[in-house]
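Student: Please see the structure below; I have some questions.
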Amino acid sequence: MRDEEGRIREATLRGRLKQAGTLKLAVGDEVMIEPGETELSEKGGTGPGTSAWAITAIGARRSALARRAPGGAYGERVVVANVDQVVVVFAAAQPEPHLRMLDRFLVIAAANDIPARIVLNKMDLATPDTFERFADYTRAGYELHATSARTGAGLDALHEMLHERSSVLTGPSGVGKSSLLNTVYPGLNLRVGAISASVNKGRHTTVGAVMVPLPDGGFVVDTPGLREVGVWNLAPEALGDCFVEFRPFTGKCRFRDCSHRAEPGCAVRDAVAARTLSAARYESYLRLLDELAASAPSW
Ligand code: GDP
Ligand code: ZN
């Protein structure tokens with residue numbers, strides 16, 4: 001763990017907190033520590049200053065990104081706690097934006113009640129229709145930040161967005177996540193993805209999150225799990241509200257448990273037909289709904 005001054009300290013959970021079944025410690029948790037008993041270590045070094053610290057309490061979580069426990073077991077596993085925002089990075093081109101993937105990231109953020117922002121990088125490669133391609137998202141209420149790590153455009157605003165916050169930074173590879181961070185924070189020398197790849201080396205599931213402290217306050221969280229896993233932990237009935245612009249309509253359907261697929265009196269489908277809601281986003285919704293139904297836990 002890291003103390004208030006940013007020093008890394010080795011700490012272990014005090015006995016009582018270790019007991020099974022209770023809250024498990026997650027990356028991003030805020031904890032109270034006390035000096036532990038001096039350990040008689042075989043590696044030597046029992047002198048002053050080498051005593052381990054004991055974690056005596058885990059603070060209440062402001063938020064958590066969670067996924068269903070592995071193997072379909074009941075329960076959820078917190079991937080990272082106390083995240084303030086999910087920042088989804090896409091490129092105007094190279095690679096071409098894959099908007100159904102963007103939808104997936106936004107649903108994961110919404111399902112965990114974490115605000116999401118979109119960064120549109122490589123604006124130096126933008127074409128006249130670039131903003132139009134993202135219009136569904138600005139209309140839905142998402143902030144869209146245009147940047148270019150190459151020309152430096154939009155980087156002050158990006159810096160301000162990340163300052164003093166804990167941000168999950170995600171998006172397809174090659175869109176410029178590392179370039180953006182290294183330009184905003186010269187010397188940080190960060191490779192998004194590479195950090196977690198090395199930390200998780202040899203493990204079967206790479207779901208561990210890594211928090212990188214920013215030099216002037218805040219953290220960037222790299223979670224390999226977010227990229228690979230589907231929309232976990234979500235009841236199919238909850239998916240509609242994860243498309244934030246559907247929310248004014250989901251409560252107006254004739255049936256309370258409307259799946260917005262084929263039911264009569266569906267306010268969501270009516271809004272799509274009237275072009276009040278985006279047909280592309282609705283397609284995305286249907287696709288994710290199929291996925292959720294196929295992966296529904298069987299307990
Ligand atoms: P990551 O996988 O998302 O971390 O992407 P990288 O930061 O590794 O960038 C992938 C490639 O895109 C590299 O060759 C970068 O030089 C290039 N790149 C990053 N940002 C920009 C940009 O704003 N404009 C252009 N034209 N290229 C960029
Ligand atoms: Zn409906």
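Student: Of all residues being small (Gly, Ala, Ser) and in a helix (DSSP H, G or I) in segment 227-248, which is modelled with the highest pLDDT? Just the residue, please.
Tutor: GLY240
Student: Cβ contacts < 7 Å: first residue assigned by TED's automatic domain parsing to the domain that holds ASP270, restricted to segment 242-259; second residue hydroxyl-bearing (Ser, Thr, Tyr) and more than 8 Å from ligand 2 (Cβ to nearest atom), any location; separation 6+ or different chain. Result?
Tutor: Note: pairs meeting the criteria are PHE243/TYR285.
Student: Can you tell me which condition MET101 does not meet? The list is (1) near ligand 1 (Cβ under 10 Å from one of its atoms); (2) surrounded by fewer than 18 Cβ atoms within 10 Å (Cβ to Cβ); (3) part of a helix (DSSP H, G or I), and all the others hold.
Tutor: With (1) near ligand 1 (Cβ under 10 Å from one of its atoms); (2) surrounded by fewer than 18 Cβ atoms within 10 Å (Cβ to Cβ); (3) part of a helix (DSSP H, G or I) applied to MET101, the lone miss is (1).
Student: Given the options PHE105, PHE90, name the one that is more than 23 Å from LEU289 (Cα to Cα), at pLDDT 90 or above and aromatic (Phe, Trp, Tyr).
Tutor: PHE90
Student: Considering segment 104-130 alone, what residues qualify as being over 18 Å from the mean Cα position of the chain (by Cα) and either more than 16 Å from ligand 1 (Cβ to nearest atom) or of a type in the set (A, V, I, L, M) (or both)?
Tutor: The answer is MET123, LEU125, ALA126, PRO128, ASP129.
Student: Hey, can you tell me all the residues within segment 96-144 that are touching a residue at least 60 places away in the same chain (Cβ under 8 Å) and either aliphatic (A, V, I, L, M) or in contact with a His (Cβ under 7 Å, 6 or more places away or on another chain) (or both)?
Tutor: Scanning segment 96-144 gives LEU99, MET101, LEU106, VAL107, ILE108, ALA110, ALA111, VAL119, ALA140.
Student: For segment 79-93, how many residues are part of a loop (DSSP other than H, G, I, E, B) and near ligand 1 (Cβ under 10 Å from one of its atoms)?
Tutor: Here the count works out to 2.
Student: Can you list the helices (runs of 4 or more DSSP H) found entirely within segment 122-226 that contain at least 1 residues being at pLDDT 95 or above, out of contact with any Lys or Arg (no Cβ under 9 Å at 6 or more places or on another chain) and within 29 Å of PHE246 (Cβ to Cβ)?
Tutor: The qualifying helices (runs of 4 or more DSSP H) are 130-133, 135-139, 155-162.
Student: Test of understanding: among PRO264, PRO248, which residue is closer than 30 Å to VAL78 by Cα and either within 16 Å of ligand 1 (Cβ to nearest atom) or of a type outside the set (D, E, K, R) (or both)?
Tutor: PRO248
The values are calculated or read from the model by the stated rules, or taken from the named source; none is laboratory data. Computed from a prediction, not measured in an experiment: that's the story for all the values here. FYI the Cβ positions are ideal-geometry reconstructions off the backbone, even for glycines, and counts take in every protein chain you see.
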